[in-house]
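The values are calculated or read from the model by the stated rules, or taken from the named source; none is laboratory data. Predicted model, so just to flag it, every value in this text is computed and none were measured. With ideal geometry, Cβ positions are generated from the backbone for all residues, glycine too; neighbour counts draw on all protein chains shown.
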């Protein structure tokens, strides 16, 4: 739905679909049209999955992240970005027991705003401007990129030496990025955004009570993602 048509179309969608996904720029705009909001969506402040019959809004972005985040030593986590995806990731980290991270963002005031927000559910954030990334990486073990840097081939100002202490790079971008390629070249474990997207979709289907054969859905998902790359 185009933004200018949202108010005219949203009731029609509720009436004609059992459930639906919501994406940017409607993740917050849909909230006034809901009667119920699950806890995660309320805290993250964004809706990406709606059940029409009871007008319930959910956020499965954080669930998709948690399901795809490797079980490892979760100390030394650095998160890049302060947008909606960062909020879902930070909430997901807290749900699995992480209580302390470092957050970097180009606009430092936005990082400070997320720090204040995260206090409400027990996540301690050290906020820093993005231009301190090289210094922060000297002490980090896990780097999570929630920004769009790399989507069109852009690069962070980093060398291989800057990444040498990392055990894991988690990049929410679905396709290959310079950051991912650099990490792989160094033998660092790299997880891209396809797994978060896949697991978020699985959670949506469960919420909608859609019968799911995960092996078949995985095959369909991989086929669709492959076509998107070509």
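Results, tabulated for the structure shown:
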| quantity | calculated |
| --- | --- |
| Residues being in a helix (DSSP H, G or I) and either touching a strand residue (DSSP E or B) at 6+ places or on another chain (Cβ under 9 Å) or in contact (Cβ under 8 Å) with a residue 24 or more places away in the chain (or both) - total across region 16-41 | 4 |
| Which listed residue, of 217, 175, is touching a residue at least 40 places away in the same chain (Cβ under 8 Å) and either assigned to a loop (DSSP other than H, G, I, E, B) or surrounded by fewer than 16 Cβ atoms within 10 Å (Cβ to Cβ) (or both) | 175 |
| Hits in region 86-129 (condition: in a helix (DSSP H, G or I) and surrounded by 21 or more Cβ atoms within 10 Å (Cβ to Cβ)) | 86, 87, 88, 89, 90, 91, 92, 93, 111, 114, 118 |
| Which listed residue, of 137, 130, 166, 80, is at pLDDT 95 or above, closer than 21 Å to residue 44 by Cβ and touching a strand residue (DSSP E or B) at 6+ places or on another chain (Cβ under 8 Å) | 80 |
| Enumeration of residues in region 178-189 that are surrounded by fewer than 20 Cβ atoms within 10 Å (Cβ to Cβ) and either in contact with a helix residue (DSSP H, G or I) (Cβ under 6 Å, 6 or more places away or on another chain) or touching a residue at least 24 places away in the same chain (Cβ under 8 Å) (or both) | 178, 182, 185, 186, 188, 189 |
